[in-house]
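I have placed the structure first, in the form of structure tokens, so that the comments after it can refer back to it.
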Amino acid sequence: MHYEGNIFRPPSEANSILLQVTCGCSHNKCSFCGMYKGTRFTIKDDAVLLADIDFASRHCRKQTRLFLCDGDVLNIPQKRLKTILIAIREKLPWITRVGTYANTRSIMRKTPEQLFELYNLGLTMAYMGLESGDDATLQKINKGADSGRMIEMGKKIRAAGMKLSITVLLGIAGQERSAIHASETGRVLSAIDPEYVGALSLMMTPGTPLYDDYIAGNFSLPEPAGMLQELRIMFACTDLTDGYFHANHASNYLPIKAKLPRDKEAVLGLIDSALKGETALKPEYMRAL
């Protein structure tokens, strides 16, 4: 397989075939993210992609999922993206799910009909980074979209039939807007009503603008108890019709896995127990990105 630079994928795609179809991120301006810094966004040549798919057909026969890397795969022109998905279907007929990252800008570029066409060709899973539902926080971290656009594009993906996994960041609003960020994020998640929510805790990444603010004393990261309180507010404000809310990433102090609405009260009780000191939090040395 042909890879350029660092490869990133969601935790749930750990056992997937990783097919790098683009390099970098077309936005690449979020203040907290250092994933693609220094990488110019490009779409890889079709010949390289088809060769990688052919390689996977011979050497990746035990893997049933495939993830399209890097960021912004939906920026690929429709005809080229269809060619890639058709080749995956023809060469890797045992693949049961194809997933990709999707941001609001790239989703907006596709018509509902185009998204439905991609879904019918096997693209059935999208991962969207919401980070926060608080408009002031979204503007400050330079996310490139407000909460209204997040809701609109999240619903657009779901209307095409794709399953949607949304990532949110505990601590991203700092101490001052922590509670507002938490409640507003719950509001946006409830409006989109995705199949999956993944809550991560912010860990400062050297080389990012937010890290520089942190070092300069212009950004205050909530303490562990503050992160936990933020999680409680966010979880309490999130109502999903039939979805999963997970906060079991390595960065989190209290791992939780919940099916909503079924597990809501039980998980709130677990968080309350941790806030009272009755349930131990993950020690700092065990946390990781």
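Readers should treat all values here as calculations from the given coordinates under stated rules, not as data from a laboratory. In this text the structure is predicted, and so the values were computed from the model without any measurement. Every residue, glycine as well, gets a Cβ built from its backbone with ideal geometry; the counts of neighbours run over all protein chains shown.
With both labels modelled 7 Å from their Cα along Cα-to-Cβ, the GLN139 to ALA51 distance reads 4.8 nm.
A cysteine counts as unpartnered when no other cysteine's C-beta lies under 4.7 Å of its own; in the chain this applies to CYS23, CYS25, CYS60, CYS69, CYS237. Counting every pair of alpha carbons in segment 6-61, the share spaced more than 12 Å apart comes to 72 percent. Spin-label model, THR42/ILE215: points 7 Å from Cα along the beta carbon direction are separated by 3.0 nm. Calculated mean residue ellipticity, 222 nm, the chain: -11500 deg cm²/dmol, from DSSP H runs (n ≥ 4) at -39500 (n - 2.57) each, averaged per residue and rounded to 500.
GNM on the chain, alpha-carbon springs under 10 angstrom: the most fluctuating residue among ASP242, ASP45, ASP72 is ASP45. Pop the C-beta distance of ALA191 and LYS62 into the FRET formula with R0 = 35 Å and round what comes out to the nearest 0.05. Calculated value: 0.35. Note on LYS259 and ALA159: with the Förster distance fixed at 30 Å, the Cβ-Cβ geometry gives a FRET efficiency of about 0.85. When the inverse distances between all different Cα atoms of segment 1-137 are averaged and flipped, the Kirkwood radius reads 15.4 angstrom. Checking every one of the GluC sites (Glu not before Pro) in segment 1-93 against DSSP loop status and a limit of 15 other Cβ atoms within 10 Å picks out GLU4. Scaling against 2.2 N^0.38 Å puts the C-alpha radius of gyration of segment 235-289 at 1.19.
Sparsely packed loop sites in segment 227-289 (the GluC sites (Glu not before Pro) outside DSSP H, G, I, E and B with at most 16 other Cβ atoms within 10 Å) comprise GLU278. Placing a label point 7 Å from the Cα of ARG149 along the Cα-to-Cβ line, the residues of segment 84-126 whose backbone N sits under 12 Å from it are 103-109. Dividing the alpha-carbon radius of gyration of the chain by the rule-of-thumb value 2.2 N^0.38 Å gives 1.01.
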